[in-house]
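These notes are about the structure you will find just below.
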Amino acid sequence: MTITDLLSTTQSPETAKENFFEAIKTDENFVGGLYDLNYDTTNVLVNDHHKKAVKGVPHGCFLMAVYNNPIAENKTEGILLRVIGTADIPQKKEIIESITDSYIAQKEARKELDLDFYTKHFYQSSGLACRVLGTFFFDSDKNLCFGTDMENFIGAHNYNVYKPQKDQLNIIINENVKIKADEPREQFGKLRYSSSKSYDEKSKYAPEVYLRTNDIIARRSAFFGMTRMGKSNTIKIIISAIEKLNKNKTQNEKIGQIVFDINGEYTFSNEQDKGSIYEKFKDNVVRFSTSLKKAQQHSDVKAVQYNFYKDETLEESFNLLCDEISLIKTADYFKDFRSIDMFDESDDRDDRDDRDDRDDRELKNAKDRKRAIYKCILYRASFEQNQNYTIKFYRFTLKNSTQDKEDKEINKPHEGITIKDACEYFENLDFNGVDDKYKQDKQYQALLKVFQAKSVSGYRALMDLKHLHSLQGGNDYKKEIDNALRNGKIVLVDLSTASSQTQEKYIERLCQYIFENSMEKFTNEETPDFIQMYFEEAHNIFPKDDKDLKNIYNRLAKEGAKLKIGISYSTQEVSSIAPSILKNTQNWFVSHLNNKDEVRTLEKYYDFADFSQSIVRNSDVGFARVKLFSNNFIIPVQIDKFEV
């Protein structure tokens, strides 16, 4: 892979490439030599003098083992190494014995050892264990390239090990893959090896680290770390990078972004973060909230609530109610209630006859009647509605013809009656006296049992769910959100006031709706729109196993790329995410985790095992180990602070 030009503040791009190895292999950068080498790891012999000269060799530090390759006409090449620990040298036992003997022989224990020059030099020697990350070399066209392995090695004595400095590190971490000259990039942090940064006190060593924005688009990205470790800050930087990219795109090419804002920190400002996505991009943001109060306080915020009486969204609101009921009621009659069929289905067949039409009319009347009972249940459960609200339905015909004739003159709900009068009608109804054809439909009995609530909790069980309803609830919010995304908007969905179960249902429905619309475009040979989804607290949303691979989140992970849907999810629990989602994740941002079980799960992917101890030990905010799709290895980064 050809390394592209890199702009340097101290030298031209051409010079930076041509002098790459010469700039590295100077006496000032010398660290030591190899004494053991294989295709995956190597050990470096170092001493305190050289470590001091290069201002230390911290864990995770990049080193370069430079040599002349006899297979490639003795061209200079460099093996990129990462320090992963210490290594024993053959003389270790002898050094330990000598040091302890010297201390024991001293009469004054606190006195420093009086050593000769040779002994001091002997004691200063130690070993570093390093991971082989790949090989830098010049191809036949004199382009600097990087290979992700080591195709051959020679005797360890042929290699000298150096610590690259800022300009060379810039190439190593930002230019180890082939990219286009106009590839969109965004600075998102600086190289950082350890919690203490004495190796770079004057900020002359660590280069900036760049994010290739296309690495994120239509791909899976994970953000792992404890609470307040900077996950949300990193996501805000990524949202900003994509929004910056949108400025150079046509309307049809723009990337829509949606944040499922569990804590409201993207949608509204707060004291801790001092800046939200809305504040920075308010001209291109559409805000939704489950809080009616917030929707009333902010004129641009739309309520993510249904008017449960509104026929256009009745099916959606009923499904939401049933999901909530399933969490609190398990009685059989509520199971029957949740399976009520009261929604219209169109029939466009051409071979219809009069009998079909009669059956359809009877079916429509039955569904109207069931909807009327359902709305009366809502009214009794204190779901707000004006008592003069009118509904229409055909009454139940009675078994006794004389009584039916009288009832027909008294009750004419098909002409329209108030919901209060409808409640009175159903309350006084004796279902035993209705025509037998109604008794064959068990759904009537289920609805009336909930409505009349005789010897059961019935409608009273729904009173705690009335917060889901609002008369201000408008059209189907899913449709509005989907349209906004396909027009390149940033959609912020504030779910901070909803219960975790309600949050989960809202998010799942939205994802399903967006996914199905994109799939419809794909199957109709239309170009799907680019959409990015961001999930906070993913451990409460995503599946924990692969039992249901048809789950919407598994489908997004596996099929999202072809539909141009990218997902970014954050959590402190790596093990809580289904393996199928982790296996399809291409970008990883990992900050401090305090649990070794979580780290063991992380170790299964890429070479995060090299950072296990530092991930647990270092709790600095924004200090992350980052593996990006287009980068060949993990880079430890101090993430920049998001600013409005």
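Note the angle between two axes, namely the Cα long axis of helix 231-246 and the longest principal axis of the Cα atoms of the chain, as a number of degrees from 0 to 90, rounded to the nearest 10.
That works out to roughly 80 degrees.
FRET efficiency for LYS412 and GLN387, Cβ-Cβ distance as r, R0 = 25 Å, nearest 0.05?
Taking R0 as 25 Å, the efficiency between LYS412 and GLN387 is 0.85.
With the contact rule set at Cα under 8 Å and sequence spacing of 6 or more, what percent relative contact order holds for the range 84-153?
Computed over the range 84-153, the figure is 35 percent.
For ASP359 and ASP436, what is the calculated FRET efficiency with R₀ set at 22 Å and r taken between the beta-carbons, to the nearest 0.05?
Efficiency, rounded to the nearest 0.05: 0.80.
Suppose we look only past 21 Å in the calculated P(r) of the range 50-202. What percent of the Cα-Cα pairs does that tail hold?
60 percent
Can you give the translational diffusion coefficient of the range 403-554 in µm²/s, computed by Stokes-Einstein from the Kirkwood radius over Cα pairs at 25 °C and 0.890 mPa s?
It diffuses with D of about 120 µm²/s by this estimate.
Stretch LYS583-LYS247 to full length: gain in nm at 0.36 nm per residue minus the Cα-Cα span?
Length gained between LYS583 and LYS247: 117.7 nm.
If I stretch the segment between LYS558 and LYS399 completely, what's the gain in nm (0.36 nm per residue apart, minus their alpha carbon distance), one decimal?
Additional length available on full extension: 51.5 nm.
Given a 1.4 angstrom probe, I'd like the percentage of the accessible area of the range 403-561 that is carbon and sulfur, rounded to a whole number.
On the range 403-561, the fraction of accessible area on carbon and sulfur atoms equals 43 percent.
Which residue, ILE179, TYR162, GLY78, has the largest displacement toward the positive end of the dipole of the range 31-183 when charges sit on each Cβ (Lys, Arg +1; Asp, Glu -1)?
Among ILE179, TYR162, GLY78, the one farthest towards the positive end of the dipole of the range 31-183 is TYR162.
Mind checking the dipole of the chain: about its Cα centre, +1 per Lys or Arg Cβ, -1 per Asp or Glu Cβ, Debye to the nearest 20?
Roughly 1340 debye for the chain.
Return one whole number: the accessible area per residue of the chain in Å², for a 1.4 Å probe.
49 Å²
Which one, SER102, ALA422, ALA129, is farthest towards the positive end of the dipole of the chain when Lys and Arg carry +1 and Asp and Glu -1 on their Cβ?
The Cα lying farthest towards the positive end belongs to SER102.
If you count only protein heavy atoms and use a 1.4 Å probe, how large is the accessible surface of ILE96, to the nearest 10 Å²?
We get 90 Å² for ILE96.
I'd like the Karplus ³J(HN,Hα) series for the range 143-153: coefficients 6.51, -1.76, 1.60, θ = phi - 60°, whole numbers in Hz, and an x wherever there's a Gly or Pro.
Rounded to whole hertz, the list is 8, 6, 10, 10, x, 7, 8, 10, 6, 6, 9.
Which ³J(HN,Hα) values in Hz, rounded to whole numbers, follow from the phi angles of the range 520-525 under the Karplus curve 6.51 cos²θ - 1.76 cosθ + 1.60, where θ = phi - 60° and Gly and Pro get x?
4, 4, 4, 6, 8, 6
Run through the DSSP bridge list for the chain and note the antiparallel percent, rounded to the nearest 5.
65 percent
Relative to the longest principal Cα axis of the chain, at what angle does helix 419-428 sit, 0 to 90 degrees, rounded to 10?
Helix 419-428 sits at roughly 70 degrees to that axis.
Give me the distance between the Cα centres of the range 361-419 and the range 96-175, rounded to whole Å.
Value for the Cα centre distance between the two parts: 86 Å.
At a 1.4 Å probe radius, carbon and sulfur cover how many percent of the accessible area of the range 225-330?
Answer for the range 225-330 is 43 percent, counting heavy atoms of protein chains only.
Where a ≥ b ≥ c are the square roots of the eigenvalues of the C-alpha gyration tensor, would you call the range 519-644 rounded, which needs a/c under 1.5, or, failing that, prolate if a/b is larger than b/c, or oblate?
prolate
Using the reciprocal of the averaged 1/r over all distinct C-alpha pairs, how large is the Kirkwood radius of the chain in Å?
After inverting the pairwise mean of 1/r, the radius is 29.6 Å.
Would you pull out the residues with amide H under 5 Å of GLN532's amide H, same chain only if 5 or more places away, H placed 1.01 Å from N?
Here GLY256, GLN257, ILE258, GLY566 satisfy the definition.
Counting only helical runs of four or more DSSP H residues, what would the 222 nm mean residue ellipticity of the chain come to if each run contributes -39,500 (n - 2.57) and the total is spread over all its residues?
When only DSSP H runs of four or more count, the value is -10000 deg cm²/dmol.
Between GLU516 and LYS52, take the C-beta separation as r, use R0 = 56 Å, and let me know the FRET efficiency to the nearest 0.05.
Here the calculated transfer efficiency is 0.35.
Would you give the gap between the C-alpha center of the range 451-519 and the C-alpha center of the range 180-254, rounded to a whole Å?
33 Å
Please work out the C-alpha center-to-center distance from the range 544-569 to the range 34-95 and express it in whole Å.
Cα centroid to Cα centroid, the span is 42 Å.
For the range 150-284, taking Cα atoms only, what is the radius of gyration to one decimal and the Dmax to the nearest whole Å?
My reading of the Cα-based Rg and Dmax gives 19.3, 62 Å.
On a 0 to 90 degree scale, rounded to 10, what angle separates helix 314-328 from the longest Cα axis of the chain?
Here the helix axis deviates by roughly 70 degrees.
If contacts are Cα pairs under 8 angstrom and at least 6 residues apart, what is the relative contact order of the chain in percent?
In percent, rounded to a whole number, it is 19.
For labels at GLU151 and GLU480 in the simple 7 Å Cα→Cβ model, what's the distance in nm?
6.0 nm
Which far-off residues, 5 or more places away or on another chain, put their amide H under 5 Å from the one on GLY32, with H placed in the peptide plane?
Sorted by chain and number, the residues that satisfy this are VAL161.
What are the residues whose amide H is under 5 Å from the amide H of LYS329, where those residues sit 5 or more places off or on another chain and H is modelled from the backbone?
Amide H neighbours of LYS329: none.
Hey, got the dipole for the range 472-537? About the Cα centre, +1 on K and R Cβ, -1 on D and E Cβ, debye to the nearest 20?
Here the range 472-537 has a charge dipole of around 160 debye.
For the range 22-126, with all protein chains present and a 1.4 Å probe, just round the carbon and sulfur fraction of the accessible area to a whole percent.
51 percent
The values are calculated or read from the model by the stated rules, or taken from the named source; none is laboratory data. What you are looking at is a predicted structure, and each value in this text was computed from that prediction instead of being measured. Methodologically, a virtual Cβ is constructed for each residue, glycine included, from the backbone with ideal geometry; neighbour enumeration extends over all protein chains shown. Areas reflect the complete protein model, heavy atoms only, side chains present, ligands, DNA and RNA absent. Shrake-Rupley method; radii C 1.70, N 1.55, O 1.52, S 1.80 Å.
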